[in-house]
There are 2 protein chains.
Amino acid sequence: MKIGNYSFDEYLHLVKSFHGSLAPGLVIGGFMVDLALKSLPEGELFDAICETPVCLPDAVQLLTPCTVGNGWLTVLPFGRYAVTFYEKYGGEGVRVYLDPAKMEAWPETKAWFFKLKPKKEQDARRLFEEIREAGEKLLSVQRVRVRPETLRRKKMGPVAACPQCGEAYPVRDGERCRACGGESPYR
Amino acid sequence: MKIGNYSFDEYLHLVKSFHGSLAPGLVIGGFMVDLALKSLPEGELFDAICETPVCLPDAVQLLTPCTVGNGWLTVLPFGRYAVTFYEKYGGEGVRVYLDPAKMEAWPETKAWFFKLKPKKEQDARRLFEEIREAGEKLLSVQRVRVRPETLRRKKMGPVAACPQCGEAYPVRDGERCRACGGESPYR
């Protein structure tokens, strides 16, 4: 059993080192990214979408060239456990999602995913065994067509010093940077 | 010269492998994260903020336990080249930013950062030499106090199957998931 170019155990090791813990969602995420990559034509340039910020982006960042910092991974706030890879200009792509209909045979996984019991009552060992055994059997694949123009990170454009903080900021944001404009998270 | 626990060359190698290219911003980002970490009290639990999605999040993800997927890294859309680490409950922290006032002695870096010349006319070799030589001399440090409640990722809360797509989604988003509610990036 391989996850990307790694053995299953190598992948778990990577997850722990990068993500800090062996989150169940990231183990499933490994199977999801692996299945998506296998479903794509080889050799093309693909960008990625995660439909949730929870866990899944780290599977993409560990297993593919797409990262948040290089702009090839877009994170959307839908709370759906799904990952998509698409050809960055035409938008043709593959979406892999954790399929509730396939979860009936895996009760511990279903209970975890739908939060049917409190975390304390979950059987973590059983959950991992199920995920490892089920793997791709929990997943479904869809062909999709993405509208890349809705996702592409806008070019930063001209840069100037903000008259208030003195730091460089994108001029398109207005007369001041957005932090000085009231969005600062600092007191 | 160390970047986190790595030698400078090891860090460059990591950057290339994770980010796909030796982006100048990520080299500077390494110095920024390193300086921020050195400025923090040891042993406490810190969350991270990047004030831009461009490059910098990858330096944080490579050099610290904070990732997008584990929720310890928040990316803000200010377009300021700044990184903050803060104590996750009280909000006390350290902000490191690329300081325009310190760039006068490093003309190639200033030209790159403020986009004073087209990419073709930039001298990449010179730029890297400057960045390597300047390192922390391009940076300033501020003590900050973050309002963690403005940044903390909301708990997902109860989950149900979306009546339209059938996938699990956070009930707090309404009667349907946000994708089915009109935000889908797919045709």
Axis carrying B onto A: which residue of B has the nearest Cβ, and how far, whole Å? B:Val68, 3
Using only alpha carbon pairs under 8 Å that are at least six residues apart, calculate the relative contact order of the range A:1-139 and give it in whole percent. 22
If you project the alpha carbons of chain B onto their three principal axes, what span does each projection cover, largest first, in Å? 59, 42, 29
Mean separation of Cα pairs under 8 Å and 6+ residues apart, divided by the residue count of the range A:51-108: what relative contact order is that in percent? 30
Where GluC sites (Glu not before Pro) fall in DSSP loop in the range B:42-102, at most 11 other Cβ within 10 Å: B:Glu42
Going by C-beta contacts inside 10 Å, put A:Tyr97, B:Tyr6 in order with the fewest on the left. B:Tyr6, A:Tyr97
Degrees between helix A:124-134 axis and first principal axis of chain A (Cα, 0 to 90, nearest 10): 80
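For the range B:42-137, what is the per residue volume of the convex hull drawn over the alpha-carbon atoms, in cubic angstrom? Spell out each step's value before the answer.
Values: hull volume 12.1 nm³, N = 96.
Cα-based convex hull of the range B:42-137, divided per residue, equals 126 Å³.
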Can you put A:Phe8, A:Phe85, B:Phe31 in order of Cβ neighbours within 10 angstrom, beginning with the fewest? A:Phe8, B:Phe31, A:Phe85
Which percent, to the nearest 5, of DSSP beta bridges fully inside chain A are antiparallel? 90
Plugging the Kirkwood radius over Cα pairs into Stokes-Einstein for the protein assembly as shown, at a temperature of 4 °C and a viscosity of 1.567 mPa s, what D comes out in µm²/s? 59
Cβ-vector label at 7 Å, A:Ala124, separations to other copies in nm: 4.5
Can you show me the helix-derived [θ] at 222 nm for chain B, built from DSSP H runs with n ≥ 4 at -39,500 (n - 2.57) apiece and divided by the number of residues, rounded to the nearest 500. -8500 deg cm²/dmol
Taking +1 at the Cβ of each Lys and Arg and -1 at the Cβ of each Asp and Glu, which of A:Leu73, A:Leu151, A:Met32 sits farthest along the dipole of chain A towards its positive end, judged by Cα position relative to the Cα centre? A:Leu151
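Provide a whole-number value for the mean count of partner chain Cβ atoms within 10 Å of the Cβ atoms in peptide A:167-176. Mind dumping the intermediate values first?
Values: counts 12, 13, 6, 5, 1, 1, 4, 0, 0, 0.
Partner Cβ neighbours, averaged per residue: 4.
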Shielding by partners - mean other protein chain Cβ count within 10 Å, residues of B:129-136: 0
Taking a label point 7 Å out from Cα toward Cβ, give me the nm distances from A:Leu22 to the same spot in the other copies, shortest first, one decimal. 3.8
Local net charge near A:Ala23, Cβ-Cβ under 10 Å (Lys/Arg +1, Asp/Glu -1): 0
About the Cα centre, and with charges only on the beta carbon of Lys, Arg (+1) and Asp, Glu (-1), how big is the dipole of chain A? Nearest 20 debye, please. 500
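How shielded is B:54-60 by partner chains, expressed as the average number of their Cβ atoms within 10 Å of its Cβ atoms?
Mean partner-chain Cβ count within 10 Å for B:54-60: 4.
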Values of log10 I(q)/I(0), in the order q = 0.11, 0.13, 0.15, 0.17 Å⁻¹, for the range A:117-187 under a Debye, Cα-only, solvent-free model: -0.67, -0.70, -0.71, -0.75
Taking a label point 7 Å from Cα toward Cβ, how far is B:Arg145 from its twins in the other copies, in nm, shortest first? 5.5
Degrees between helix B:8-19 axis and first principal axis of chain B (Cα, 0 to 90, nearest 10): 30
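Bear in mind these aren't lab numbers, they're just calculated from the coordinates by the rules spelled out. On a predicted model such as this, the values are computed, not experimentally measured, just so you know. Neighbour counts are summed over all protein chains in view; Cβ atoms, including those assigned to glycine, are modelled from backbone coordinates with ideal geometry.
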